[in-house]
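J.: Take a look at this one; I'll ask things after.
Each value in this text was obtained by applying a stated rule to the coordinates, not by laboratory testing. Not measured: the values here are computed from a predicted model. No Cβ is skipped: glycine too gets one built from the backbone with ideal geometry, and neighbour counts run over all protein chains shown.
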Amino acid sequence: MNHRITLLPRSRRSIRRGPFVQAEYRKKPVRINQMIRGYQAPSIHIPLPLFWLDTDTMKILAGNAAAGRLTGYRKRELENLPVTSLFPEAISRITQLLRIASSRHRLLRQTGMRTVLVTRNMMQQQIRLYVDKTRNTRKNRSLILFVIIDDCNILRELEYYKKANAKLHLLSSITRHDILNQVTALKVQLELSKMETTDQDRLEYIKNEETVVDIISQQIEFTRDYQDIGINAPQWFDVKKIIENAIKTIKLGPVVVSIEFDKLEIFADPLLERVFFNLIENALRHGKKLTKITFSYKESNDNLILICMDDGIGIPPENKELIFTRGFGSNSGEGLFFVHQLVDLQGMSIRETGTYGEGARFDIRIPHGAFRKTGSGY
């Protein structure tokens, strides 16, 4: 039976009492310091490998059943085993963390580090090691808790999915290219048909067929943008530069685009530019009396609200939610749907908050940690 272990963040009140480990099949979190007492506590049944180290002797005091399975040692063999026997490369880091904890007179934060585990049969295994300091109230001994997560299977799965994704991406690209070639050939045949007939009914049929072909082309082009979501790793982008790059690819005419900020970065998918491109294009297409598009932001609690506002006709109240639905609208109905999907993938959100008759306004809520102000010590 597989269970997932979650390391829960600690409140100020719980820092003094030790960290939590919670298993999905448990109704209540289990405190580490509760499990240490007697070394025969509920931790023995937790599927995540746990060790306790005596900081005075730097020897293993105990380990649970999962620790025994991972290392190949029996329970009694683990007791008084030097920590260097299991983690020869991590001892200096553990010692450093101990000094920090002692100097600040507080518990260590759960700090993950990649290191090598040496098993009983001398096999080496790459693992992630979490360390936290606590105190056994029963024996009054200073202890270190090790929580080990095996990264190997996760890395292998990630590599598999990465290769599978690349192959699917290549197959989609080839298929889309072949379909577009056939669509182009069909457009040529329709154009030739128009040249060879003067019958108005036939010309009307051909015009309708051309409309259908154009819609097919737009939908195929949309799949190219949509399939690229999540392919590349997110990174930090200068928002002003991204908007300026989007503006360069759009014919604005008399419309002015104003960016009322500088030195703001967002951690997002490289397709972020398409978000601003689609927002600007949507305003140009539906704004009617549009003369200006403004980008600004404001801070709300720990979040940042990135605002795209225009002075066009705006969006009727009954359509504020529908505009993010695929196929809605007088054009292809893909632009704002794509924006919503990409923003949602980044853990952000978008909604329309403008007043109908005065202009549209899109608020993109960016969570704490996904934005930063460069050059301001933020």
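J.: Mean separation of Cα pairs under 8 Å and 6+ residues apart, divided by the residue count of segment 243-378: what relative contact order is that in percent?
T.: Relative CO of segment 243-378 lands at 27 percent.
J.: Please work out the ratio of the alpha-carbon Rg of segment 259-357 to 2.2 N^0.38 Å and round it to two decimals. Mind dumping the intermediate values first?
T.: Working: Rg = 13.5 Å, N = 99, 2.2 N^0.38 = 12.6 Å.
Normalised Rg, Cα atoms only: 1.07.
J.: Under the rule of at least 5 residues apart or a separate chain, name every residue whose amide H is placed under 5 Å from the amide H of ASP311.
T.: The answer is THR291, LYS292.
J.: Under a cut-off of 24 Å between alpha-carbon atoms, report the lysines in cross-link reach of LYS75, not counting same-chain residues fewer than 8 places apart.
T.: Reachable lysines: LYS59, LYS133, LYS139.
J.: Rounding to the nearest 20 debye, state how big the charge dipole of segment 156-227 is about its Cα centre with +1 on each Lys and Arg Cβ and -1 on each Asp and Glu Cβ. Mind showing how you got there, number by number?
T.: Working: 10 positive and 13 negative charges, 124 e Å.
The dipole magnitude comes to about 600 debye.
J.: For a quick check: with amide H placed at 1.01 Å from N, whose amide H comes under 5 Å from SER349's, ignoring anything fewer than 5 positions away on the same chain?
T.: Answer set, sorted by chain and number: ARG365.
J.: Still on this model: Kindly flag which residue pairs out of LYS298/LYS373; LYS263/LYS298; LYS207/LYS289; LYS241/LYS288; LYS248/LYS292 have an alpha-carbon separation exceeding 22 Å in this structure. Working shown, then result.
T.: Numbers: LYS298/LYS373 12 Å; LYS263/LYS298 14 Å; LYS207/LYS289 30 Å; LYS241/LYS288 27 Å; LYS248/LYS292 16 Å.
Too far apart for the 22 Å limit: LYS207/LYS289; LYS241/LYS288.
J.: Further, regarding this structure: What does the charge dipole of segment 235-373 about its Cα centre add up to, to the nearest 20 debye, if the Cβ of each Lys and Arg holds +1 and the Cβ of each Asp and Glu holds -1?
T.: Details: 18 positive and 19 negative charges, 59 e Å.
Around 280 debye, computed over segment 235-373.
J.: How would MET123, MET348 line up from fewest to most surrounding beta-carbon atoms within 10 angstrom?
T.: Values: MET123 10, MET348 20.
Ascending Cβ contact count within 10 Å gives the list MET123, MET348.
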